[in-house]
1. Against the definition (over 30 Å from B:Gln211 (Cβ atoms), modelled with pLDDT of 75 or more, open to solvent by 60 Å² or more (accessible area, probe 1.4 Å) and within 10 Å of chain B (Cβ to nearest Cβ)), how does A:Glu70 come out, yes or no?
2. Does the range B:252-286 hold any residues that are open to solvent by 30 Å² or more (accessible area, probe 1.4 Å) and part of a helix (DSSP H, G or I), and which are they?
3. List every residue pair whose Cβ atoms sit under 8 Å apart, with the two residues 6 or more apart in sequence or on different chains, where the first one lies in the range A:11-28 and is facing chain B (nearest Cβ under 7 Å) and the second, anywhere, is in a helix (DSSP H, G or I) and open to solvent by 70 Å² or more (accessible area, probe 1.4 Å).
4. Pairs only if they're at least six apart or on different chains, beta carbon under 8 angstrom, first in the range B:61-84 and open to solvent by less than 40 Å² (accessible area, probe 1.4 Å) and modelled with pLDDT of 80 or more, second among the β-branched types (Val, Ile, Thr) and assigned to a loop (DSSP other than H, G, I, E, B); list them, first residue then second.
5. Being within 14 Å of another protein chain (Cβ to nearest Cβ), crowded, with 21+ Cβ neighbours inside 10 Å, under 18 Å from B:Ala100 (Cα atoms) and modelled with pLDDT under 90, is that true of even one residue in the range B:224-235?
6. Looking only at the range B:236-265, count every residue that is under 30 Å from B:Arg279 (Cα atoms) and either within 14 Å of chain A (Cβ to nearest Cβ) or touching a Phe, Trp or Tyr at 6+ places or on another chain (Cβ under 6 Å) (or both) and tell me the total.
7. Out of the residues in the range B:179-207 that are among the hydroxyl-bearing types (Ser, Thr, Tyr), more than 7 Å from chain A (Cβ to nearest Cβ) and surrounded by fewer than 24 Cβ atoms within 10 Å (Cβ to Cβ), which is farthest from A:Arg3 (Cα to Cα)?
8. Name the residue, out of A:Val60, A:Val41, A:Val51, that is within 23 Å of B:Leu238 (Cβ to Cβ), surrounded by fewer than 15 Cβ atoms within 10 Å (Cβ to Cβ) and modelled with pLDDT under 85.
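The values are calculated or read from the model by the stated rules, or taken from the named source; none is laboratory data. Please read all numbers here as calculations on a predicted model, not as lab measurements. Cβ coordinates were reconstructed from backbone atoms using ideal geometry, including for glycine residues, and neighbour counts include every protein chain displayed. The protein model used for the area step is the full one, side chains on, heavy atoms only, and it has no ligands, DNA or RNA in it. Shrake-Rupley method; radii C 1.70, N 1.55, O 1.52, S 1.80 Å.
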Amino acid sequence: MERHPADVFSLLAGLMTLGLGLLLLSGGLSDVPMEWVGPAVAIGIGLLIVVAARPSRTEVPDEPMGFDRE
Amino acid sequence: MMTAMTPQRSERSDSPPRNLRRRTSDRVLGGVAGGLGDYFNVDPLLIRIGFVGLMIFGGAGLVLYFVAWMLLPAEGHDASPVEAFFRRLGLTPGRLAWLAVAIVAFILLVNSWNTGMGFSINEGPLGIPGVVWALAIVATGVMLVRRREVATGPSMTASASAAALPVAPAVKAPPRPHSPLAWYAIGALSLTVGLLAAFSQVAEREVTPGQFFGAALVVLGIGLVVGAWWGRARILILLAILLAPMGVVGSFLTAPLEGGVGEHTFAPVTAAEVQDEYRSLGGRLTLDLTQLITSPRDIHIAASVAVGQLMVILPEGASIELHTRVGAGDVIVLGSQDVGTSLDSTFVRRHLNRTTFILDLEAGIGQVYVRTEGSF
C-alpha cells in the first residue's frame with residue numbers, strides 16, 4: 001500500500017465509525033441522551049458532505065502526458 | 001399524399017439484437033419504462049402506469065424503478081451503474097462472492113444468538129453449533145486476508161507504451177493500482193467477530209448483538225482511518241453505513257432473542273398451566289392472568305419480547321411485584337407511563353391473604369404494558 005495525500009473524507013468517516021463502534025462495544029449507547037442523537041447525526045453528515053464537496057487540490061498538468069518527454 | 005412520419009420510439013424494430021437498456025432519449029425520468037417498453041414491445045405508457053400504481057399502493061414502484069435504474073445499462077453502454085461502480089472499486093465477481101459469503105456468515109452468526117447469555121453450544125443455524133459458525137467466520141477472514149491482489153500488469157504496460165509515443169492525443173492517466181486495504185479490513189472484521197464469538201463461548205461471557213456490531217464498526221473505522229493516508233478503502237464507508245443502524249438497533253436488544261414471531265396470547269386458568277417463562281422474538285405477547293384461579297403460593301413469571309409489545313392483564317386488586325426492563329421504548333404500568341431508553345423499574349403492591357404475582361417483564365425495543373382487568 002502506497003502513501004498518498006491525506007484523504008479527509010475517509011479520515012472523518014473513519015473517526016465517526018470508530019466512535020460509534022467504541023460506543024456500541026462499551027455498551028454505552030443507552031447512556032447517550034436521545035435528544036442529542038439527531039443533531040449529532042446531522043452534524044456528522046453535514047461535515048462529510050462539506051468535505052466531499054470540497055474542490056480537489058490535486059494539480060492538473062497543463063499539457064497532456066506524453067508531450068514533454070523529450 | 002405522403003406525410004412525414006415521426007419515428008416512434010415505442011415502435012423500434014430495426015435493431016436485430018434486442019438488449020434490455022434504459023433509454024437515453026425520449027424518456028420521462030430515467031428511461032426505465034421506455035427501455036422496458038422497447039424490450040417487451042409494449043407501450044411504455046402502460047409500464048409507467050404500472051410503476052405509478054405500485055408507487056401509490058405501498059410505495060414499491062419507487063423502489064422497483066430505482067433498482068431497475070441501477071441494474072439496467074443505458075443505451076450505448078455495456079455496464080449498469082452498479083456494475084460500473086463495482087468495476088471502479090476493483091470488485092470482480094469473485095471478490096463480490098467472497099464479500100457475500102462473509103456477510104451471510106456474519107448474519108448467521110448473529111442469528112445463532114438464542115440464549116441471551118451468548119451463543120449456544122448445542123444449537124445454532126442449521127443445527128450446527130454456534131462455535132462452528134464462529135470458526136467458519138474466522139476461516140473466511142483468514143482466506144480474505146491471504147487473498148493476493150490481482151496484478152494489473154497488462155493495463156499498466158499498455159499505459160506505459162502509450163505514454164512513450166511521441167504523439168498521444170488523448171492519453172488517460174494510468175489506472176490507480178487497487179489497494180488491498182479494504183479486503184484486509186473486511187478480513188479483520190470477520191476475524192474479530194469470529195474471535196469475539198469464540199471468546200463468548202469459551203469464557204461464557206455475555207456479548208450482546210450490539211457489541212458484535214460495535215466490534216465490526218471499530219475495525220471498519222480503523223480501516224478508514226488508515227486509508228486516509230495509506231491505500232484506499234472508501235468502500236468501507238458503505239459497509240459502515242449498512243452496519244451502523246443494525247448496531248444501534250442491536251444495542252437495545254437486551255431481551256433474550258427467544259420464542260416465535262407474531263401475536264401470541266396466553267390465558268392460564270390453573271397454577272399448573274402457568275409457565276415459568278414466556279418468550280417472543282417479535283410481535284405481541286399477551287399474558288392474560290385474569291382467569292387464573294388463585295393459589296396459596298406466589299406465582300413467578302418471566303416474560304419478554306425482543307421487539308414488540310408485552311402486555312400483561314392482571315386481576316383487579318391483585319397483589320403484584322413487578323420488575324420491568326425496556327431497552328428502548330416505553331413502560332406503562334397501571335396507568336403510569338415512562339418513555340426512553342434503558343428503562344428499569346420496580347413496582348410493588350401487596351395485599352394480605354392474596355396470591356402475589358411476581359413478574360419479571362422485559363422488552364428489547366418496544367413496550368411493556370401492564371393493566372388490570374377492565375382498564376386500558
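1. Against the criterion (over 30 Å from B:Gln211 (Cβ atoms), modelled with pLDDT of 75 or more, open to solvent by 60 Å² or more (accessible area, probe 1.4 Å) and within 10 Å of chain B (Cβ to nearest Cβ)), A:Glu70 does not qualify.
2. B:Ala272, B:Glu273
3. What qualifies is A:Gly14/B:Ile222; A:Leu18/B:Ile222.
4. Pairs found: B:Ala74/B:Thr24.
5. yes
6. Summing the residues that are under 30 Å from B:Arg279 (Cα atoms) and either within 14 Å of chain A (Cβ to nearest Cβ) or touching a Phe, Trp or Tyr at 6+ places or on another chain (Cβ under 6 Å) (or both) in the range B:236-265 gives 15.
7. B:Ser200
8. When all the criteria are applied, what remains is A:Val41.
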